[in-house]
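The values are calculated or read from the model by the stated rules, or taken from the named source; none is laboratory data. Since we're looking at a predicted model, the values are computed, not measured. Don't worry about glycine lacking a Cβ; one is built from the backbone with ideal geometry, like all the others, and counts go over all protein chains shown.
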Amino acid sequence: MSINFKKIKRNSVRVLLFGFALTGFVFFVVFISMQFGWLNVKGSVSERNSYFNVNKNSQKNSSTDSNLEIICKINVLSKFAPLTSVNISKTMTNGANDELLNKMIEMASLRFKNDYLYNLSIEKCKTSSDLNQQLNIPISAYYWADTDQWNLMKEVFTRDKETIKRAAHDSGISPRIILSGVIGEQFRFFNNSKREIFKSYFEPMKILASLSQISFGIAGLKPKTVATIESNLKDVNSEFYLGPDMEHVADYPPNVDVDSERLSRITNAKYPYYSYLYSGLYMKEIIAQWQKKGYNLNERPEILATLYNLGFFYSVPKDNPEIGGSIININNVDYTFGDIAYEFYYSGELSDIYPIGVQ
């Protein structure tokens, strides 16, 4: 039996050619299917992968994004997902960088990728002409909260939170109430000083202003007022008396020059505990006076800050007391001590550290 090698060779070539043709056809079919999306599966790996690696190109360029653009995007998101926008705002307030903030915004935006109005608004945040129009859009609802001075105060109040909370605990009052008075003194000082001084000294050093003329320290306390606070603590006949448990909260060590030590307490910028303590005690004594007449000032920061500015003499318990105090111009808006205290108290600023209505 003879073997026909020519026939075998011819058949092998045909099989090989057929295999190549079949492979090419399969690749062609797969290619067409991919183009028309016939092979897509909902919730596929590629979709989920893109969810966790959102727009990497934009992340690389995010360092060039301005804070204004990010704020604009958060404002847009607040109209569609308010809770998420609040969380991103808190992250921004805590010092997150642009890359992280942009990724948070982009991930949140995935839900609204088919919403024409949402995407149009987000795109407007990216255009220079639109940003220029938004330069006057406030970051906050409060004029004072848009200032560099407040940003400095916020940073210091956050850094010194343990000291402030300790002083509030010892004086028996809400730390938020204490800050309601201190903020007014700080704005008054910064308002009367040149901006160059603030930018070149206080802001870089991350310190509050310490008054040194008629009033002293970061809380603007007068030595005479502090002496009255201390006297009220021990005078059982005083209308400002807080009770036996509070009599020794501000005692001095034996054998010290009280006048000298008192001044040292309220001017020591490196240890501001006593500035906050005396501010709290002052307001607590005002609360006690009004409480005895049937008025509850525990959550009336506007009244307490007004009287903090004016002094004990002006504290007369009555219905519908007037809110006021010294006038301070902030961002071309006139505020009184009572105004600033009221707005701060209910603004939500620093509420994660100093909750509203909590002692």
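I'm trying to understand the selection: among the residues of the range 68-97, which are outside any helix (DSSP H, G or I) and surrounded by 13 or more Cβ atoms within 10 Å (Cβ to Cβ)?
81, 96
Just name the residue that is farthest from residue 179 (Cα to Cα) out of those in the range 300-331 that are touching a residue at least 40 places away in the same chain (Cβ under 8 Å) and assigned to a loop (DSSP other than H, G, I, E, B).
Ranking the candidates gives 331 first.
Residue-wise test of (1) crowded, with 19+ Cβ neighbours inside 10 Å; (2) without any contact (Cβ under 8 Å) to a residue 40 or more places away in the chain; (3) β-branched (Val, Ile, Thr).
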position	(1), (2), (3)
259	no, yes, no
265	yes, yes, no
268	no, no, no
272	yes, no, no
280	yes, no, no
284	yes, no, no
287	yes, no, yes
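Within the range 173-227, how many residues turn out to be touching a strand residue (DSSP E or B) at 6+ places or on another chain (Cβ under 9 Å), assigned to a helix (DSSP H, G or I) and among the charged types (D, E, K, R)?
2
One residue is enough: does the range 228-236 have a residue meeting the conditions assigned by TED's automatic domain parsing to the domain that holds residue 189, touching a residue at least 24 places away in the same chain (Cβ under 8 Å) and either of a type in the set (A, V, I, L, M) or in a loop (DSSP other than H, G, I, E, B) (or both)?
So far as the range 228-236 goes, yes, one or more of its residues are assigned by TED's automatic domain parsing to the domain that holds residue 189, touching a residue at least 24 places away in the same chain (Cβ under 8 Å) and either of a type in the set (A, V, I, L, M) or in a loop (DSSP other than H, G, I, E, B) (or both).
Conditions tested, residue by residue: (1) exposed (fewer than 13 other Cβ atoms within 10 Å of the Cβ); (2) at pLDDT 90 or above; (3) out of contact with any Ser or Thr (no Cβ under 9 Å at 6 or more places or on another chain).
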| position | (1), (2), (3) |
| --- | --- |
| 125 | no, no, yes |
| 130 | no, no, yes |
| 139 | no, no, yes |
| 150 | no, yes, no |
| 157 | no, yes, yes |
